[in-house]
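Below is one structure; the comments refer to it alone.
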Amino acid sequence: MPSLKDLKNRIQSVKNTRKITKAMQMVAAAKLRRAQEAAEEARPYAKRFNAVMAGLAGSVGGSDTAPKLISGTGSDQVHLLIVLTAERGLCGGFNSNISKLARQKANALKAEGKTVKMLTVGKKGRDALKRDFEDLFVGHVDLAGIKSVGYANAQDIAKDVLSRFDAGEFDVATIFYSGFVNVVTQVPTELQIIPASYEASDDADGLAAEYDYEPSEEAILADLLPRGVATQIFSALLENGASEQGARMSAMDNATRNAGEMIDKLTIEYNRSRQAVITSELIEIISGAEAL
Amino acid sequence: MADTMQFDLVSPERSLASLKATAVLIPGAEGDMTAMPMHAPTITTLRPGLLKVESPEGNSEYVVTGGFAEIGVEGLSVLAEKAIPTGELTREQLDTLIEEARSAHQAAVDNEQHDLVSDAAKLLADMEALGTHIGL
């Protein structure tokens, strides 16, 4: 039976925890709004880009001279898994869900006898995958010092990935990130970026027109494909950012609620034992008086 | 005949302009070209240069560093890697860009990737010319 003082300390400590989780929840809510705006603003570019790429890939992609980024290297022996996670924890299942998906994929590929390599972005994913796959790591990108991810960050990652591709280090690249559905739902997603597959979206009717290309179609495609990799990584990073904040917000909301429940329970226990102490003191006094 | 067309300037991070324009000068990879309403559908890559927009509300200028432009039936979209309104570009920013181009050129020379050297050299020259052009 804990003493009254113990209970009091306990209640105070849970109250402090609740304050922290409440603050974190509010910070996450503010950041979420910003992250969502960023994702929103990046959408027109990605959409136009994909529409143009779909048109180009449709006309050039099938030929023998198509760039490797779109036709592949002709083999799918070596896979590069790019795992995008957060730099910080305390965001519910966010990091572990992404890592889990990547782990499943890695194990499935290994079972098929393929070679797997991993590039991690964000500390948490690297920590989670380190135990099982440390020998597969080929690199790590640290985003710790970056307040809000910009296109330049995505370009750096893309540059790294592309130079590895050019050096023939892998055949297929897949990125793992968390797709943002809404504040409470984030779906871990895998997306193959090399070789790229651009599918014509429904509203690509503008591309039905015959285009003049300057320079040639092939040259434009060769120029745009590396940008496409960066664009896809960038939108994955943005989705991830919004998902992280959403996950953190709901995790912290839960934590705040749990702390509140715990405080209520502890307060009841505290009051009960206080009453018990008073009662026993009264009994002592009365029985003492009677004995006289 | 339509005398204006929809003009969109978007960068990966955000949409910079969306308006009705009468003519847009595009720094195409193979030379400047001006897109006016009813232009034939064209897709061109961009070199670093000035993008001049003429619209009934007034003219505006942007510095773009690369990307591509798509002239379609319904209008013109420019997807720029980086786009900065000319007035807001400072000498320092330009120097950073030139420095980036220079190191890319150097890297290409060092690695003896001959096909890349000329591209990088052209990029560098374009960047430098850009500075002179806007008088910084």
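The values are calculated or read from the model by the stated rules, or taken from the named source; none is laboratory data. These figures come from a predicted structure and were not determined experimentally. Because the Cβ atoms are built from the backbone with ideal geometry, glycine has one as well, and the counts that use them run over all protein chains shown.
Structure data summary
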quantity: Failed item in (1) at pLDDT 90 or above; (2) closer than 27 Å to residue A:217 by Cα, with residue B:101 passing the rest; calculated: (1)
quantity: Test: residue in segment B:78-90 that is part of a strand (DSSP E or B), small (Gly, Ala, Ser) and touching a residue at least 60 places away in the same chain (Cβ under 8 Å); calculated: yes
quantity: Qualifying position, being in contact with a Phe, Trp or Tyr (Cβ under 9 Å, 6 or more places away or on another chain) and either touching a residue at least 24 places away in the same chain (Cβ under 8 Å) or more than 9 Å from every other protein chain (Cβ to nearest Cβ) (or both), among A:237, A:225; calculated: A:237
quantity: Qualifying residue in segment A:26-39 (condition: closer than 30 Å to residue A:171 by Cα and either within 22 Å of the chain's Cα centre (by Cα) or crowded, with 16+ Cβ neighbours inside 10 Å (or both)); calculated: yes
quantity: Filtered residue count, segment A:261-292, keeping only those that are closer than 30 Å to residue A:32 by Cβ and surrounded by 14 or more Cβ atoms within 10 Å (Cβ to Cβ); calculated: 2
quantity: All positions within segment A:63-102 that are assigned to a helix (DSSP H, G or I) and more than 19 Å from residue A:194 (Cα to Cα); calculated: A:94, A:95, A:96, A:97, A:98, A:99, A:100
quantity: Of all residues in segment B:1-44 being assigned to a strand (DSSP E or B) and of a type in the set (Asp, Glu), the one that is surrounded by the fewest Cβ atoms within 10 Å (Cβ to Cβ); calculated: B:32
quantity: Residue check, residue A:174 more than 12 Å from the chain's Cα centre (by Cα), in a strand (DSSP E or B) and hydroxyl-bearing (Ser, Thr, Tyr); calculated: yes
quantity: Residue among A:280, A:243 that is more than 10 Å from chain B (Cβ to nearest Cβ), farther than 26 Å from residue A:11 by Cβ and among the hydroxyl-bearing types (Ser, Thr, Tyr); calculated: A:243
quantity: Failed criterion for residue A:44 (all others in (1) under 19 Å from the mean Cα position of the chain (by Cα); (2) within 14 Å of another protein chain (Cβ to nearest Cβ) hold); calculated: (1)
quantity: Residue match in segment A:3-24 (condition: surrounded by 14 or more Cβ atoms within 10 Å (Cβ to Cβ) and of a type in the set (Gly, Ala, Ser)); calculated: no
quantity: Residue ID - modelled with the lowest pLDDT, chosen from residues in segment A:164-188 that are surrounded by 18 or more Cβ atoms within 10 Å (Cβ to Cβ) and over 19 Å from residue A:137 (Cα atoms); calculated: A:183
quantity: Test for residue B:86: is it more than 12 Å from chain A (Cβ to nearest Cβ) and touching a Pro at 6+ places or on another chain (Cβ under 7 Å); calculated: no
quantity: Residue selected from segment B:48-64 under the condition assigned to a loop (DSSP other than H, G, I, E, B) and surrounded by fewer than 22 Cβ atoms within 10 Å (Cβ to Cβ), by the criterion nearest to the other protein chains (Cβ to nearest Cβ); calculated: B:57
quantity: Residue A:102 within 14 Å of chain B (Cβ to nearest Cβ) and buried (at least 18 other Cβ atoms within 10 Å of the Cβ); calculated: no
